[in-house]
Amino acid sequence: MRVHKALTIAAAMAVLGTTGVVGGAGPALAEWPERPVTLIVPWSAGGGTDATARILAQLLEDEFDTPFAVVNRTGGGGVVGHVGIAQAKPDDYTFGVITTELSMYRWRGLADVSYEDVVPVAQYNSDAPGLLVRADSPYETAADLLEAIKSGKAMKASGANQGGLLHLAMVGMLESAGIDPTSVTWVPTQGGAQGLAELTSNGVDFVTNNVADAKSLIEAGEVRALATMAEERNAAYPDVPTLKEATGLDWTIANWRGIAAPKGVSDDVVQRLSEAVLQVCHGEEFADFMTKRGYTVACLGPDEFREQLARKQEQFGAALKAADLAE
């Protein structure tokens, strides 16, 4: 069922809880969207956030019969794009994909921006990072890799930005194994795709990244997945054990992706876009795309998404402090 483009005046006023004319409600009384919508993505093209944002944008275009343009605004480990979303003009036509790193910037002193500076629209994905090595790596299992690190072998790792979720995934894994996290040199990048490029070019020994992001490299025989940091195995990669199965370590972590708007956007537009995103999120075409690539569909509406963001802000703050990564 397609999303209706036009809101009647009565329906709009019902949404706003009023029977009078309200300032700032103009767009709610007309058709939305009447022109192309911009979707800011804080991470580089080719990565998981970019891929999932583009299929979501495509399906939203189908729902609204209006272009949804994905704009990659990278830099600063996602800071540039996230700040861009928060500071965008609230014109009802500019939105963005927010990711787990938004829960960390303020704690790390990288930017004064958090979930409190945006309007959550809907979450559509949540995935656990995996532990990945080149196909020719001498380490056949996650236990082999950790044992080598523990023995003092100098190693480099990557994933995305310094202090982001993929970095924290490595830090937590090493701490759980009783290994000093600083014994491995972290090579920061502007996204998962660049982290994988570091791996395949022999720039690092291993990466922490979503297994789905490395799908083409795994299928090409260039990369191997040693484990995932999830509670259960990924259905798309049933032969890849969880970290607990592979090493006995009780360490799990997951990232999330969702849509948000700058503060000041019209409430009824947020509601309409949220309904459309959730409709797409629960749809067969989106599920097929995500499942085939190993991504997990995880749909949350605005209120649930906001509550989760508040919890994650505190949880990651505590984790960053414990890892001595907080400012």
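The values are calculated or read from the model by the stated rules, or taken from the named source; none is laboratory data. Since the structure is predicted, the reported quantities are computational estimates derived from the model, not experimental observations. Cβ sites come from the backbone with ideal geometry, for glycine too, and all protein chains shown count toward neighbours.
Mind checking which helices (runs of 4 or more DSSP H) fall wholly inside the stretch 226-304 and carry at least 3 residues that are crowded, with 18+ Cβ neighbours inside 10 Å and without any contact (Cβ under 8 Å) to a residue 40 or more places away in the chain? Reasoning before the result, please.
Values: elements: 243-247, 267-281, 284-292.
By residue number, no helices (runs of 4 or more DSSP H) qualify.
I'm trying to understand the selection: among the residues of the stretch 197-225, which are in contact (Cβ under 8 Å) with a residue 40 or more places away in the chain and either within 12 Å of SER158 (Cβ to Cβ) or among the polar types (S, T, N, Q) (or both)?
Within the stretch 197-225, GLU198, LEU199, THR200, ASN202, GLY203, VAL204, ASP205, PHE206, VAL207, THR208, ASN209, ASN210 meet the criteria.
Quick check, is VAL133 more than 21 Å from VAL223 (Cα to Cα) and either hydrophobic (A, V, I, L, M, F, W, C) or assigned to a helix (DSSP H, G or I) (or both)?
Details: more than 21 Å from VAL223 (Cα to Cα): no; either hydrophobic (A, V, I, L, M, F, W, C) or assigned to a helix (DSSP H, G or I) (or both): yes.
No.
Among what's in the stretch 231-258 and is of a type in the set (D, E, K, R) and within 20 Å of the chain's Cα centre (by Cα), pick the residue that is farthest from ARG293 (Cα to Cα). Outline the logic, then answer.
First pass over the stretch 231-258, keeping only residues of a type in the set (D, E, K, R): 231-233, 239, 244-245, 250, 257.
So of that shortlist, the ones also within 20 Å of the chain's Cα centre (by Cα) come out as 231-233, 257.
On the way: GLU231: 19, GLU232: 17, ARG233: 14, ARG257: 15 Å.
Across the stretch 231-258, the extreme among qualifying residues is GLU231.
Just checking, which of LYS321, LYS263 is modelled with pLDDT under 90, among the basic types (Lys, Arg) and in contact with a helix residue (DSSP H, G or I) (Cβ under 9 Å, 6 or more places away or on another chain)? Give the derivation first.
Numbers: LYS263 fails: modelled with pLDDT under 90.
Result of the check over LYS321, LYS263: LYS321.
Counting only residues that are of a type in the set (D, E, K, R) and not in a helix (DSSP H, G or I), how many does the stretch 47-86 have? Working first, answer last.
So in the stretch 47-86, the residues of a type in the set (D, E, K, R) come out as 50, 54, 61-63, 65, 73.
If we keep only those that are not in a helix (DSSP H, G or I) too, we end up with 65, 73.
Qualifying residue count for the region: 2.
Is one or more of the residues making up the stretch 30-46 of a type in the set (Gly, Ala, Ser), buried (at least 19 other Cβ atoms within 10 Å of the Cβ) and assigned to a helix (DSSP H, G or I)? Break it down into steps so the answer makes sense when it comes.
If we filter the stretch 30-46 for residues that are of a type in the set (Gly, Ala, Ser), which is where we start, we get 30, 44-46.
Imposing the further condition that a residue be buried (at least 19 other Cβ atoms within 10 Å of the Cβ) reduces the set to 44.
Checking which are assigned to a helix (DSSP H, G or I) leaves us with none.
Checked against the condition, which is being of a type in the set (Gly, Ala, Ser), buried (at least 19 other Cβ atoms within 10 Å of the Cβ) and assigned to a helix (DSSP H, G or I), the stretch 30-46 yields no hits at all.
Tell me, which residue of the stretch 259-288 that is hydrophobic (A, V, I, L, M, F, W, C) and over 16 Å from GLN58 (Cα atoms) is nearest to the chain's Cα centre (by Cα)? Spell out how you get there, then give the answer.
If we filter the stretch 259-288 for residues that are hydrophobic (A, V, I, L, M, F, W, C), which is where we start, we get 259-261, 265, 269-270, 273, 276-278, 280-281, 286-287.
After this cut, where a residue has to be over 16 Å from GLN58 (Cα atoms) as well, the list is 260-261, 265, 269-270.
Working: ALA260: 12, ALA261: 16, VAL265: 22, VAL269: 23, VAL270: 20 Å.
Of everything passing the filter in the stretch 259-288, ALA260 is nearest to the chain's Cα centre (by Cα).
Where residues in the stretch 191-206 are touching a helix residue (DSSP H, G or I) at 6+ places or on another chain (Cβ under 9 Å) and part of a loop (DSSP other than H, G, I, E, B), which of them is surrounded by the fewest Cβ atoms within 10 Å (Cβ to Cβ)? Outline the logic, then answer.
Taking the stretch 191-206 as the starting set, the residues that turn out to be touching a helix residue (DSSP H, G or I) at 6+ places or on another chain (Cβ under 9 Å) are 191-193, 195-196, 199-200, 203-206.
Subset that is part of a loop (DSSP other than H, G, I, E, B): 191, 203-205.
Values: GLY191: 30, GLY203: 15, VAL204: 24, ASP205: 23.
My answer is GLY203.
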